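Have a look at the structure below before the remarks.
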Amino acid sequence: MDDRQLIEALIKKTLLSDELGQKLLLESKQTNRPVEDILYIRRLAEEVSVAQVKSEILGIPYKKINPDDIKPEVIKFIPEETAQNYGFVPLSADKKILVAGMLHPSDVRAQEALRFIAKENKLSLGVYIITPSDFELVLRKFSPYRSEVDEAVRSLNIKPGSGLTPSQRSVSVEEKGDASEQAPIIKIVASTLKLAVEEGASDIHIEPQRTRVRIRFRIDGELQEVNSLPLELNQPIISRVKILSSLKIDETRVPQDGRFRTVIFGRDIDFRVSTFPTPVGEKVAIRVLDPTVGLKGVNNLGLIGHSAELVAEAVKKPFGMILVSGPTGSGKTTTLYALLQELNKVETNVLSLEDPVEYFVEGLNQSQVRPEIGYDFASGLRQIVRQDPDVIMVGEIRDTETAKLAVHASLTGQVVLSTLHTNNAISVVIRLIDMGVEPFLLPSSLNLMLSQRLVRRLCDNCKKPGSVSPEIITIVKDELAKLSPEARNGLKYKEPYGFYHAPGCKVCKGKGATGRIALFEVLSMSREIENIISSGPTEGKLYDEARRQGMLTLRQDGILKALEGVVSIEEVLRETASS
């Protein structure tokens, strides 16, 4: 298949105009670049559409790839360098056939190389056409530092299979220390950390399995496997991480916590480390604390319209509580840091109690609580009020004592920021009362209640308008009809509603998303809420008042962001199913 055949087929499918097709052929000839590359660079055609057209021309089926379905032993059939040079990757293999995905099935050199690999393994061959984005995703399953892995196994002089269980091999404290200092191990750990920062991962998981060590990154809220190592390297790698974190390398029976800082890509990155014993060895979870990702300004959180106005007003008040609620992993800490940075001024004394301190911010007086020695949020709050504070941040209100102390601190003239575990903003009042706070204190102490969830932000490079099911349209209409009159009058979206989808591209590495954004609902204290509290608060009464205030629910906020093309409507509805 040559470039002209591809262009003619795309024109026939009305994916390109005849005039544009001729221009592309001329540009390809002048630049000596394949037409297909130009199509993707200039975003003139979708990868899937081009792959389907190529499939019709060549008579080779197109296949959408899920990298998680490709087993580690299958990847070994094709060397990484060969895969990159010829543009093909292994997809599956059994005793009879090797199935590969090819970018350019008509490439004679690639055909010959693939046939040679199949013949060497005494297998027949099956081929699918795949897209460049899927090709890149599969390439990530190859070890990014295979040479270091092989060198580490040789230098440690470990027999294959010797690391299947801890009881099969006794390693002394000194040997573990020596092993962890081997140059290949240092390189593996350093490369893993660098790759995590480069990929924008929030967490690194190093997990011993029965026959291997699995390394996974959490990217945009989802775990993805990025590497698989021999099991015998688990303990040396864990020991290296422990040394960096100043943990006890000879203690493998109980969990340990630590942290370290290093410079990657010219910026200081903090890593928070937690070990966890398992039957096949220690597991490590490493939180990647990149200030360029985790520290955001209030304007970059995703607050819109009336919600943004309420937050801006609350931050300006000289005292009172601002409470952020939501489940674990919903971005509450990011919001607190954004509010702290807004309040962090030369004339303001800002103190925080955190568990643990995630980001070190210039100008803030940050303290990490240590419950094991009696220094918890409650005892810390008692001491912090003696430090002449203007702003106090408490990582989380977990118990009655902390809740009461936070309320009294806000009543004595401090701004208090904290988090609470509730499903929505209106439940904050009820939760505080359940924790033992006197109801009559809340109207004077509580300024703002904020709840949030995180959803993936659509890739700006590949998102495009798309259709949704009638059921979704019905849900959207119902939610928009519930908006306050003020919000509904200012609504610029009219039927038929348009939504966006992102199929994936090279920029987002086939994910269709780049980062995450928060959905918010924000409720401020009012005289009406004070009356509700005094007469006995219920979620129904509070919801009616919230609607009167014009509060956007999490789902409504998400729908407005979906109409803007910022997020996927399907993900919004999934993440706000109970709101």
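The values are calculated or read from the model by the stated rules, or taken from the named source; none is laboratory data. Keep in mind that this is a model prediction, so the values were computed, not measured. Heads up, the Cβs are rebuilt from the backbone with ideal geometry, glycines too, and the neighbour counts pull from every protein chain shown. Ligands, DNA and RNA are stripped out before the accessible areas are found, and what is left, the full protein with its side chains, is counted by its heavy atoms. Shrake-Rupley method; radii C 1.70, N 1.55, O 1.52, S 1.80 Å.
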**OP:** For Lys119 and Lys464, calculate 0.36 nm times their separation in residues minus their Cα-Cα distance, and state this gained length in nm to one decimal.
**Re:** 119.9 nm
**OP:** Mind ranking 548-556, 385-393, 514-522 by how tightly packed they are, going by the mean number of other C-beta atoms within 10 angstrom, highest first?
**Re:** 514-522, 548-556, 385-393
**OP:** Might you tell me the accessible area per residue for the stretch 294-576, computed with a 1.4 Å probe and given in Å²?
**Re:** 44 Å²
Original post:
What percent do you get for the relative contact order of the chain when only Cα pairs under 8 Å and 6+ apart count?
Top reply: 10 percent
Subject >> Distance between modelled label sites at Arg109 and Arg527, nm, 7 Å Cα→Cβ extension >> reply: 8.0 nm
Original post:
Please identify the trypsin sites (Lys or Arg not before Pro) of the stretch 78-149 that satisfy two criteria: DSSP loop assignment and at most 13 other Cβ atoms within 10 Å. Which are they?
Top reply: Lys95, Lys96, Lys122
Subject >> Cβ charges +1 (Lys, Arg) and -1 (Asp, Glu), total dipole of the stretch 294-576, debye >> reply: 1000 debye
**OP:** May I ask what percent, to the nearest 5, of DSSP beta bridges between residues of the stretch 294-576 are antiparallel?
**Re:** 40 percent
Original post:
What is the local net charge at Leu420, summed over the other residues whose Cβ is closer than 10 Å to its Cβ (Lys, Arg +1; Asp, Glu -1)?
Top reply: +2
Subject >> By average C-beta atoms within 10 angstrom, highest first, the peptides 198-209, 266-277 >> reply: 198-209, 266-277
Subject >> Carbon and sulfur %, accessible surface of the chain computed with the full protein complex present, 1.4 Å >> reply: 49 percent
**OP:** Using the heavy atoms of the protein chains and a 1.4 angstrom probe, tell me the accessible area per residue for the stretch 194-275 in square angstrom.
**Re:** 43 Å²
Original post:
Does the stretch 272-419 come out rounded, prolate or oblate, given a ≥ b ≥ c as the square roots of the eigenvalues of its C-alpha gyration tensor, rounded meaning a/c under 1.5 and, failing that, prolate meaning a/b above b/c?
Top reply: oblate
Original post:
Nearest-5 percent of antiparallel DSSP beta bridges in the chain?
Top reply: 65 percent
Original post:
Taking a probe of 1.4 Å, how large is the accessible area per residue of the stretch 1-59, in Å²?
Top reply: 61 Å²
**OP:** With all distinct Cα pairs included, what does the Kirkwood hydrodynamic radius of the chain come out to in Å, to one decimal, could you say?
**Re:** 27.4 Å
**OP:** For Lys12 and Glu313, calculate 0.36 nm times their separation in residues minus their Cα-Cα distance, and state this gained length in nm to one decimal.
**Re:** 102.6 nm
**OP:** Let me have the relative contact order for the stretch 281-410, percent, based on Cα pairs under 8 Å that are six or more residues apart.
**Re:** 23 percent
**OP:** With label points built 7 Å along Cα→Cβ from the Cα atoms of Thr538 and His421, find their separation and express it in nm.
**Re:** 2.7 nm
